[in-house]
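Encoded as structure tokens, the structure appears first; notes follow it.
The values are calculated or read from the model by the stated rules, or taken from the named source; none is laboratory data. In this text the structure is predicted, and so the values were computed from the model without any measurement. Ideal geometry is used to build each Cβ from the backbone, glycine not excepted, and the neighbour counts take in all protein chains shown. Ligands, DNA and RNA are excluded from the accessible area calculation, which covers all protein heavy atoms including side chains. Shrake-Rupley method; radii C 1.70, N 1.55, O 1.52, S 1.80 Å.
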Amino acid sequence: MSKTSNINRVDGFAKVTGSATYSAEYKTPGVVYGCLVGSTIARGRIKSIDTKKAEWAPGVLAVITHLNVDKPTGYQKVKDKRNFGQPLQIFKDDSVLYYDQPIALVIADTFERMQYAASLIKADYFKEEHSTDLQKAADKEKKIDTEKGNDYHRGEHDGYKNAEVIFEAEYTIPTEVHNPMELANIIAKWDGNKPTLYTKSQGVEGTRRSVAGVFDVPVEDVSVFSEYLGGAFGMGLHTWPYEIAALMGAKKLNRPVKLVLHREQMFTNVGFRPFTIQKMGLGATKAGKLTGLTHEAVAMTSSYEDFMEGTVNMSRFIYDCANVSTRYRIVPLDTCTPIWMRGPGEATGSFALECAMDEMAYKLNLDPIEFRKLNYAEKDQEQNKPWSSKYLLECYEGGMERIGWKNRKNEPGSVKEGNWLVGYGMGTGTFGCYRSPTSVKAKFLPDGNLVLQCSVNDMGPGTATMMTAIGAEITGLPVENIIIEMGKSGLPKGPTQGGSATTSSVGSAVHDACNLLVSKAVGLASGTLAFKGIPITELTFENGVISSKKNSSKSVTLASLLTANKLDELTVENLSKADEEAKKYSIYSFSVHFVKVLVNPNLGKIRLAHVVSCADIGTVINQKTSAGQMYGGAVGGIGMGLMEALEIDHRFGRPINNNFADYHVPVNADIEKQEVFFVNKKDPISNPMGTKGLGETALVGMAPAIANAVFNATGKRVRDLPITLDKIIETVKV
Amino acid sequence: MNFITFCDLRLLNLLEYPSDFANLKIDRMASKKNNPKEVTENDSNSRRDFIKKSGLFTALAFTPPSLVMASENKWDEKIAEYLETVPLSIEVNGKKHNLNIEPRTTLLDLLREQLQLTGTKKGCDHGQCGACTVHVNGTRILSCLTLASMQQNAEVTTIEGLAKGKKLHPMQEAFIKHDGFQCGYCTPGQIMSGIACIKEGHANSREEIREYMSGNICRCGAYHNIVDAITEVKEGGKEL
């Protein structure tokens, strides 16, 4: 274990002292307060909107609606095509496309006056019939007109139907909402024609491009600061209408505008995991060999954007199977557009696939893990490529041992602890390992510090800590001597934080830049008198000192080297990207979640007595932050499995439980005993460190593990999430 | 005396004797009790409109031209603003503040927007998430559900008040050591709650800690590590 493999979070001090600055917390002289007022219908047009009272209210500086807005010039340039990435154009016209769609922006000089004034806005509408219920509108499904939206077939179409043993079932997941603890928020200001945003964005460069497009200004003129994010889980992957609204307000008033969404607006205006209906068809031999697998999904999108995610993709490669068909369809509904939520697609897909695998195992009278091992995929049949590495079997073994799988009985309801029925279940997760081109600047300073710069964000996983660990490992500098500058424009361009790709992309770029910087320092030193006659290959760099391998008394410090060369700093900026070799392989992370549930048959209450999450994510850069991410992903999956669902009153097309009292997320009391296990073996292909990505696999597979354990405990199969007690209590034998 | 007339007269007095302000406030509240229908928030005439109309505009009925000018220069606004604030003396992290605040200002918004103490977080504004937890006179409270004006002479401790310079509070140290957070946004609330949880005597087992920390949501899901951190501080037995 190296000295950097278990370090504390480098931004820990800032976070535990309250000095970390999140978007709405930048001290901005002259800042005024904005608030969005939402529509009270789900579809129609605005007949009239009364803003007079608000305008007259004390302290109000502006009320902006579709009637008086200066439409950004970029609005006209957007083609009338339903591509994802063309979000609602706020205040564009009188149309209302979903409930709580912003229809007015109120700006006042204090927070309290703004809130009061916003309450005075009243609108009348021409109502139109709305559609928000996927289960009633599923017949309006349509195919997405892109390559990714195409149906997939391997072997015989729907070949499962010809198998010896056939299993078919339908699974649904409800709308789930990211709900990071930090509300979506922004401070927007203009310097002439140049906008500046302090905003909750997972991608500084992406936000710059979106804003540049809307306001028709050069990308380089857009400044974005997003240094600390209070979680996001995907909701920061879009530039949302509220951000554009704040910029409009700031432009109109020529003052900085702070706009923080209410928690209620977090349920309606910044995306969600879409309601999805899935049909599974599995075919196998009596001996337990999968011969056919069909996975179909129908998911909701908005009326103005075609959103899709990889819901059915996992079914194409995770098990060895000759005949595989997948189909993905969307249904436009009158809601805000969904956005990728942690484990996008795969989390939804794995619920259907891993439950169906469990159900098939019962049908074949096999242990669920035995059944999976019988269908272990030795290569990626979808891409017809070898795995770069795959330690899924180690995850099975590690989890079985820790959860006490040997205590499981295949017969449901046959294990009891006191009055509780005991059940064991597992679910497999996976996610692709991606690597985006990333620039990092590394510089040595005369004071012995190393500065690493990249515009990438850190929404919580510990990106800064990972960069520090890699920088320290390569340069030999103490962690304390490494300074990270990130999360803002103007720095070397980093990727959007998402898709579990940050360590692979940014970590590799740090790795490469630091190596180049060390070489540069050694090269500079080899020219000095101290190392005259010593070949460069015999020089080493450790902890800010360059010395001869053979004669360590011959050494020069970095500080003196810089001084001697009259340099203020020694700098390398490097663009790092995946090499061609990686394209020959299929690179995936794998995870397996195991749970032991206790179910009270009288009350239907479910307790998670023990949760074990195992993952093959290649090299673990930092045990401490990685474990934290795995614990947290599992908790997210527990929410998905047991409690999270946005309930819509379809009569009005609006949410019922749009707050934390009614939309339940896991709290401390829900998490009884949790363990994490990493295989921690380097992937030889993925990137220089051999990492494969963790953020998504930490969640994918947890929900089916719970569903499978509940079945094992009770004999009741719940195929519609979340598994609440009412779904169990009716049918369990007491 | 009719409330409106009473108010008008007092307002005129106030222009001359601003120090009467505090009394006026009390009188106004007393009058409100006697005439509950006259001032309601639900009325389309807001309280603010009411005060402005009944106060200044009645004054304008006496109509010295200088007062018309006053209105044009938005002095009516300034007077209304003055009428609407209440004095507050409050100690935050050992520092005394004498403020004039709007009665509707929450302690959370006072801390974040007026005192620039942004360590205390807003997660829901409804007392449902715990991110805004601070200590008032040694007890944990949700600052988003607390009107600042009700905290006369209170001693408030926020996350910024725990460390002594670079020397962290034991709970802050334990959160770093056990990685009791990821994004850090719920962390100030978790730490303030964690300290209170021990002081209240509710940290005697992991079960008890989990129960008494369940008012603080962590969406990153760091619960396992949060319990580790609080357990260590409890077992360390240091004075908190």
Exercise. Which of the residues spanning segment A:205-256 are within 14 Å of chain B (Cβ to nearest Cβ) and either over 23 Å from residue A:335 (Cβ atoms) or acidic (Asp, Glu) (or both)?
Worked result: A:226, A:227, A:228, A:229, A:230, A:256
Exercise. Would you say residue B:234 is charged (D, E, K, R), out of contact with any strand residue (DSSP E or B) (no Cβ under 9 Å at 6 or more places or on another chain), within 9 Å of chain A (Cβ to nearest Cβ) and over 22 Å from residue B:107 (Cβ atoms)?
Worked result: no
For this session: Provide a single number: the residues in segment A:520-547 that are open to solvent by less than 40 Å² (accessible area, probe 1.4 Å) and over 24 Å from residue A:482 (Cα atoms).
Result: 4
Exercise. How many of the residues making up segment A:11-47 are surrounded by 20 or more Cβ atoms within 10 Å (Cβ to Cβ) and more than 10 Å from every other protein chain (Cβ to nearest Cβ)?
Worked result: 12
Problem set entry | Unmet criterion (only one of (1) within 14 Å of chain B (Cβ to nearest Cβ); (2) open to solvent by 30 Å² or more (accessible area, probe 1.4 Å); (3) outside any helix (DSSP H, G or I)) for residue A:688 | (1)
For this session: Scan segment B:204-217 and give yes if some residue there is within 7 Å of chain A (Cβ to nearest Cβ), more than 23 Å from residue A:631 (Cα to Cα), among the aliphatic types (A, V, I, L, M) and open to solvent by less than 10 Å² (accessible area, probe 1.4 Å), otherwise no.
Result: no
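I'd like the full set of residues that are open to solvent by 20 Å² or more (accessible area, probe 1.4 Å) and either within 14 Å of another protein chain (Cβ to nearest Cβ) or out of contact with any Lys or Arg (no Cβ under 8 Å at 6 or more places or on another chain) (or both), limited to segment B:128-142.
B:128, B:137, B:139, B:140, B:141, B:142
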For this session: Scan (1) over 28 Å from residue A:655 (Cα atoms); (2) open to solvent by 10 Å² or more (accessible area, probe 1.4 Å) for the single condition residue A:50 breaks and write down its number.
Result: (1)
For this session: Can you give me the number of residues within segment A:405-432 that are of a type in the set (S, T, N, Q) and surrounded by fewer than 24 Cβ atoms within 10 Å (Cβ to Cβ)?
Result: 4
For this session: Taking residue A:718 as meeting all but one of (1) in contact (Cβ under 8 Å) with a residue 12 or more places away in the chain; (2) buried (at least 18 other Cβ atoms within 10 Å of the Cβ), write down the number of the exception.
Result: (1)
Seminar exercise, completed: Residues of segment B:108-119 being facing chain A (nearest Cβ under 7 Å) and of a type in the set (S, T, N, Q), in sequence order, are B:116, B:118
For this session: State yes or no: is residue A:157 modelled with pLDDT of 95 or more, part of a loop (DSSP other than H, G, I, E, B) and open to solvent by 10 Å² or more (accessible area, probe 1.4 Å)?
Result: yes
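This table checks each residue for (1) open to solvent by 30 Å² or more (accessible area, probe 1.4 Å); (2) farther than 30 Å from residue A:706 by Cα.
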{"position": "A:175", "(1), (2)": "no, no"}
{"position": "A:209", "(1), (2)": "yes, yes"}
{"position": "A:233", "(1), (2)": "yes, no"}
{"position": "A:243", "(1), (2)": "no, yes"}
{"position": "A:253", "(1), (2)": "yes, yes"}
{"position": "A:256", "(1), (2)": "no, yes"}
For this session: State whether one or more residues within segment B:105-121 are of a type in the set (S, T, N, Q) and in contact with a Gly (Cβ under 8 Å, 6 or more places away or on another chain).
Result: yes
Seminar exercise, completed: Scanning segment A:470-498 for residues that are surrounded by fewer than 19 Cβ atoms within 10 Å (Cβ to Cβ) and at positive phi gives A:476, A:490
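What are the residues in segment A:163-185 that are away from every other protein chain (no Cβ under 14 Å) and within 25 Å of the chain's Cα centre (by Cα), if any?
Result: A:171, A:172, A:173, A:174, A:175.
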Exercise. Would it be correct to say that residue A:624 is closer than 28 Å to residue A:689 by Cα, within 14 Å of chain B (Cβ to nearest Cβ) and open to solvent by 20 Å² or more (accessible area, probe 1.4 Å)?
Worked result: yes
Exercise. Do any strands (runs of 3 or more DSSP E) lying entirely in segment A:233-319 carry at least 1 residues that are under 20 Å from the mean Cα position of the chain (by Cα), and which ones are they?
Worked result: A:276-284, A:290-302
Exercise. Take the residues of segment A:186-200 that are outside any loop (DSSP other than H, G, I, E, B) and crowded, with 23+ Cβ neighbours inside 10 Å: which is farthest from the other protein chains (Cβ to nearest Cβ)?
Worked result: A:195
Problem set entry | Restricting segment B:148-172 to residues that are within 8 Å of chain A (Cβ to nearest Cβ) and free of Cβ contacts under 8 Å to residues at least 40 places away in the same chain, the residue that is least open to solvent (accessible area, probe 1.4 Å) | B:172
For this session: Look through segment A:641-675, keep the residues that are open to solvent by less than 20 Å² (accessible area, probe 1.4 Å) and of a type in the set (Val, Ile, Thr), and return whichever of them is nearest to the other protein chains (Cβ to nearest Cβ).
Result: A:671
Exercise. When residue B:145 is evaluated against the numbered criteria (1) closer than 25 Å to residue A:183 by Cβ; (2) within 12 Å of chain A (Cβ to nearest Cβ), which criterion, by number, is the only one it fails?
Worked result: (2)
Problem set entry | Which listed residue, of A:271, A:203, A:281, is open to solvent by less than 10 Å² (accessible area, probe 1.4 Å) and at positive phi | A:271
Exercise. Among the residues of segment A:318-333, is any open to solvent by 10 Å² or more (accessible area, probe 1.4 Å), farther than 21 Å from residue A:695 by Cβ and small (Gly, Ala, Ser)?
Worked result: yes
Exercise. Any residue at all in segment A:77-88 that is modelled with pLDDT under 95 and outside any loop (DSSP other than H, G, I, E, B)?
Worked result: yes
